[in-house]
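Engineer: Below are the structure tokens for one structure; questions will follow.
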Amino acid sequence: MSFDLVLFGGTGDLAWRKLMPALFQAFRHGTLPKEGRIIGVARDDLGDEQYRALIRERFAQVDDAKQPSPQEFEQFAQLLHFVRMDLSKPEDFRRLKETLESRGADVVVMYLAVGPSLFTQACEQIGAAGLNRPNVRLVLEKPLGHDLASNRAINEAVRRVFAEKQIFRIDHYLGKPSVQNLFALRFGNSLFEPLWRRETIANIQITIAEDLGVEKRGAFYDTTGALRDMVQNHALQLLCALGMEPPINAHADAIRDEKLKVLRSLKAWTPTDLAQHVVRGQYAAGVVNGEQVPGYREEPGVDPQSNTETFVALRAEIANWRWAGVPFYIRTGKRMAARNACIVVNFRPAPHAIFNAPPGAANKLVINLQPRDGLQLHLLAQGQENRRNTQALAPAHLDLDFDKRFGSERVGAYERLLLDVIDGRLNLFVRSDEQEEAWRWVEPILEYWANDDNGPRPYAAGTWGPSASSAMIARDGYSWPEEL
Ligand code: NAP
């Protein structure tokens, strides 16, 4: 199969930091179809060779394991081409059309790795130039809008040009191996299904913590915040994967129908819930990994009076028969104590204790998403520490180490997603109605904050966020995981 992958924004940060390394890994693993072209598009006046030189230079900045040897780059570089275009100029689309028609590839992928302000215009021009043939697939990156209305406006503009089955909305968390293993664990095994419900599960906690601040993206982040940047998309997609009913088959729409049902079942916000079950925070100066770092308001590009949240913790509930009353806690933030993304499924304690278990001990399933991925089942076992007391139980783990079982050279998130786009598999991409439903659910929080003069609660950089986050979860008698 031949493909042309048009990378709008081919000189940008996303292109060289994530997409090129992922495409190179697929090339190295022999999974990228052989007959392919990767066509970078931007306004710079570059020839193919200059573009190849630029990408080779940028590869020096990616992880060692993902860097090509000189021979490997020489082969990979043969796939790389460049077309100079200004997406705001209709006449420039003719140049792209000529390049694509000169070859007539089986599949054309158009990846919009440009700012969202160009999405609508680019789609209109793709349509006007007749480049929206049935063999064309469009890839859209977040952020897809700022709120429900702007998200709908983008979706409507895109749908005027492409059918829904041609649109691949990326949420790269869905490409992570451990998230795919969560689907495999739940729907490929019968073991967990009878336990996966309110009778057995006490609560579920999703943490997405970053130790970095806003880096060079202060101006962008200041108009976005943690709720829009992490909760509306990544965290809610994880919640869907955890809470959804088994789909009738493994086709994209069967999976997406079930995820949509979860989003529709999320308990609507009341004014009391908004006051008690949502915590927003903003980092102040502190110490991260032994280094003194400035507070958010001192970051370049950030308004010194900014009320933008860099931390959110909230308590959600899925109002249906399976989950009624089970809290799903989400917390995400920047400049936290560690870079760690994980899900903890806390099971209820044994109903009648005949052994001496450590206080509060119960089974839990831990799904690690980053920096390493894997699954651990925490059990209580007869330990050897206390030889005289055979009634004493100690915690033990069943470690599902995918690296050991399947090798450490597993497929990364962007590699998986790019290959799926080329192959036309929509399972790991987000449908427009899912996205709109997620916006609908977070909007009352945004409105509540807009009218709340208290602003975000400060937390010192290098900690786990404001104490109100621990207080929120403690009111239910639970706590966040300790050993992150
Ligand atoms: P960036 O570094 O600013 O790159 C933007 C790219 O778009 C450049 O190649 C730029 O090249 C090109 N461009 C801008 N205006 C153009 C125009 N009128 N016509 C043609 N090309 C144009 O941005 P980025 O960080 O790569 O982000 C791109 C998109 O991905 C954004 O929507 C961002 O929110 C999203 N995203 C980024 C990341 C990330 O890790 N960076 C992660 C998730 C999502 P010229 O200026 O030379 O034309």
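The values are calculated or read from the model by the stated rules, or taken from the named source; none is laboratory data. Quick caveat, the model's predicted, so the values are computed rather than measured. So basically every Cβ, Gly included, is an ideal-geometry build from the backbone, and we count neighbours across all protein chains shown. For accessibility, only protein heavy atoms count, side chains too; no ligands or nucleic acids. Shrake-Rupley method; radii C 1.70, N 1.55, O 1.52, S 1.80 Å.
Engineer: Are there any GluC sites (Glu not before Pro) in the range 30-96 that are in a DSSP loop and have at most 14 other Cβ atoms within 10 Å? List them by number.
Structural biologist: Glu91
Engineer: Using alpha-carbon positions, what is the distance between the centroids of the range 408-484 and the range 265-340, in Å?
Structural biologist: Taking the Cα centre of the range 265-340 as reference, the centre of the range 408-484 is 9 Å away.
Engineer: Let me ask another. Using the basic label-point model (7 angstrom from Cα toward the beta carbon), what is the Glu57 to Asn320 distance in nanometres?
Structural biologist: 5.2 nm
Engineer: Can you give the translational diffusion coefficient of the range 129-225 in µm²/s, computed by Stokes-Einstein from the Kirkwood radius over Cα pairs at 10 °C and 1.306 mPa s?
Structural biologist: It diffuses with D of about 90 µm²/s by this estimate.
Engineer: Please report how far the C-alpha centroid of the range 95-132 lies from that of the range 1-49, rounded to the nearest whole angstrom.
Structural biologist: When both Cα centres are located, 15 Å separates them.
Engineer: Now for a separate question. List the trypsin sites (Lys or Arg not before Pro) in the range 138-231 that DSSP assigns to loop (not H, G, I, E or B) and whose Cβ has at most 14 other Cβ atoms within 10 Å. Which are they?
Structural biologist: Sparse-neighbourhood loop trypsin sites (Lys or Arg not before Pro): Arg160, Arg197, Lys216.
Engineer: Here's something else I'd like to know. For the range 181-287, what is the convex hull volume of the alpha-carbon atoms per residue, in Å³?
Structural biologist: That works out to 179 Å³ per residue.
Engineer: On a C-alpha basis, how far is the centre of the range 344-376 from the centre of the range 177-233 in Å? Whole number, if you could?
Structural biologist: A separation of 18 Å, based on Cα centres.
Engineer: Between Arg348 and Glu164, what is 0.36 nm times their sequence separation minus the Cα-Cα distance? Round to one decimal in nm.
Structural biologist: Answer, rounded to one decimal: 62.1 nm.
Engineer: Out of the total accessible area of the chain (probe 1.4 Å, heavy atoms of protein only), what percent is carbon and sulfur?
Structural biologist: Solvent-exposed carbon and sulfur of the chain make up 49 percent of the total.
Engineer: Of Lys364/Lys404; Lys97/Lys259; Lys66/Lys261, which ones are farther than 32 Å apart at the Cα?
Structural biologist: Exceeds cut-off: Lys97/Lys259; Lys66/Lys261.
Engineer: Roll a 1.4 Å probe over the protein chains and send me the accessible area per residue for the range 156-199 in Å².
Structural biologist: 44 Å²
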